[in-house]
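See structure below.
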Amino acid sequence: MASNSGDLSGKVALVTGGSRGIGLAIALELATRGADIAFNYFRNHKAAHEAEEAISALGVRCLRARAHLGDSEAINGLFEKVSVEYGRLDILVNNAASGVMRPASELEDRHWEWTLDINAKAPWKCAISAAKLMTDGGTIVNLTSPGSTSVLPDYFIVGVSKAALESLTRYLAVELAPKNIAVNAVSASFIQTDAVTAFPEGSVAYEMAQRLTPAGRVVVPEDVARVVAFLCSEDARMIRGQILLVDGGEMLVRR
């Protein structure tokens, strides 16, 4: 008998940074499986409107909300909007990220605070707020990167923030388990998105996003989105506190 465990009809999902790149691919994948979507964005109003239209075209409800996740009050406001619009939450995808690409010796306090606030503190705050709306259990998926454990040029502060995010994933997986909330993370290699192609040619991020992986092609946002959707399905309920790497084998043969 065919399984319908990947069907998310009737679920409500919040994807942070869901207007572009990997976040948009995740929002569209979850919507394709039937989930109603909420997403936040910060600056790009045009991309946010286009994302809302694309998600709504799939026949699900969509809430677009502007919120700077480095601001705790803005996070509170975001979840209040989700509560008012949907009354509950089943899935949280902590995708939004930022950072300053410089060596450790060239960073300032403000770079540390900006990066850690968005990449580590915000997922923590969002997870706690989400848990209050997950009255029947739920799923939290954090987006991390291989730079959390492998040293990449000029990736110091982002790598540190992603390492913190992975530790946060494990701690929350245990703390929220009694509420039937599964917490995991997906680690995505550098992927061809606006954020990565903005790096100069020759940079590690740019080159990794362009070259073929051992799997024979580059990794695309949809590859990551499908793994996130799997973690949101019933088939993945007994996976807790794990980091699933989606890189086509790239980190096995770092070049």
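The values are calculated or read from the model by the stated rules, or taken from the named source; none is laboratory data. Note that the structure is predicted; figures quoted are calculated from it, not measured. Every residue, glycine as well, gets a Cβ built from its backbone with ideal geometry; the counts of neighbours run over all protein chains shown. The protein model used for the area step is the full one, side chains on, heavy atoms only, and it has no ligands, DNA or RNA in it. Shrake-Rupley method; radii C 1.70, N 1.55, O 1.52, S 1.80 Å.
Among the residues of the stretch 82-100, the ones that are surrounded by fewer than 16 Cβ atoms within 10 Å (Cβ to Cβ) and among the hydrophobic types (A, V, I, L, M, F, W, C) come to 1 in all.
Which is within 21 Å of Asp223 (Cβ to Cβ) and polar (S, T, N, Q), of Asn76, Asn94, Asn44, Asn40?
Working: Asn76 fails: within 21 Å of Asp223 (Cβ to Cβ); Asn44 fails: within 21 Å of Asp223 (Cβ to Cβ); Asn40 fails: within 21 Å of Asp223 (Cβ to Cβ).
After ruling out the rest, the residue left standing is Asn94.
State whether one or more residues within the stretch 114-122 are within 20 Å of the chain's Cα centre (by Cα), farther than 17 Å from Ala65 by Cα and surrounded by fewer than 18 Cβ atoms within 10 Å (Cβ to Cβ). Walk me through how you get there before you give the answer.
At the first step, the residues of the stretch 114-122 found to be within 20 Å of the chain's Cα centre (by Cα) are 114-122.
Among the residues that remain, those that are also farther than 17 Å from Ala65 by Cα are: 114-117, 119-121.
Pick out the ones that are also surrounded by fewer than 18 Cβ atoms within 10 Å (Cβ to Cβ) and you get 114.
Yes, there is a match, as at least one residue in the stretch 114-122 is within 20 Å of the chain's Cα centre (by Cα), farther than 17 Å from Ala65 by Cα and surrounded by fewer than 18 Cβ atoms within 10 Å (Cβ to Cβ).
Only residues that are surrounded by fewer than 23 Cβ atoms within 10 Å (Cβ to Cβ) and assigned to a strand (DSSP E or B) were counted in the stretch 125-150, giving 2. Among the residues making up the stretch 108-133, a single one is within 11 Å of Ala164 (Cβ to Cβ) and among the small types (Gly, Ala, Ser): Ala120. Give me the residue from the stretch 151-174 that is outside any helix (DSSP H, G or I) and aliphatic (A, V, I, L, M) and, out of that set, least open to solvent (accessible area, probe 1.4 Å). Among residues in the stretch 151-174 that are outside any helix (DSSP H, G or I) and aliphatic (A, V, I, L, M), the one least open to solvent (accessible area, probe 1.4 Å) is Leu152. If you go through the stretch 129-145 and pick out every residue that is of a type in the set (A, V, I, L, M) and under 16 Å from the mean Cα position of the chain (by Cα), you end up with 4.
Selection of first residues in the stretch 228-242 that are open to solvent by 90 Å² or more (accessible area, probe 1.4 Å) and of second residues that are modelled with pLDDT of 95 or more, restricted to Cβ pairs under 6 Å at least 6 apart or on distinct chains, gives the following pairs, ordered by first then second residue: Gln242/Asn184. Anything in the stretch 55-81 that is closer than 23 Å to Phe230 by Cα and open to solvent by less than 10 Å² (accessible area, probe 1.4 Å)? List them, or say none. Result: Ile55, single match.
For the stretch 12-46, filtered to residues that are more than 20 Å from Val82 (Cβ to Cβ) and assigned to a helix (DSSP H, G or I), the residue that is nearest to the chain's Cα centre (by Cα) is Ile22.
The criterion of being open to solvent by 40 Å² or more (accessible area, probe 1.4 Å), over 17 Å from Leu143 (Cβ atoms), of a type in the set (Lys, Arg) and at pLDDT 95 or above holds for Lys46. Of everything in the stretch 19-43 that is charged (D, E, K, R) and either open to solvent by 60 Å² or more (accessible area, probe 1.4 Å) or in contact with a Phe, Trp or Tyr (Cβ under 7 Å, 6 or more places away or on another chain) (or both), the residue that is farthest from Ile191 (Cα to Cα) is Asp36.
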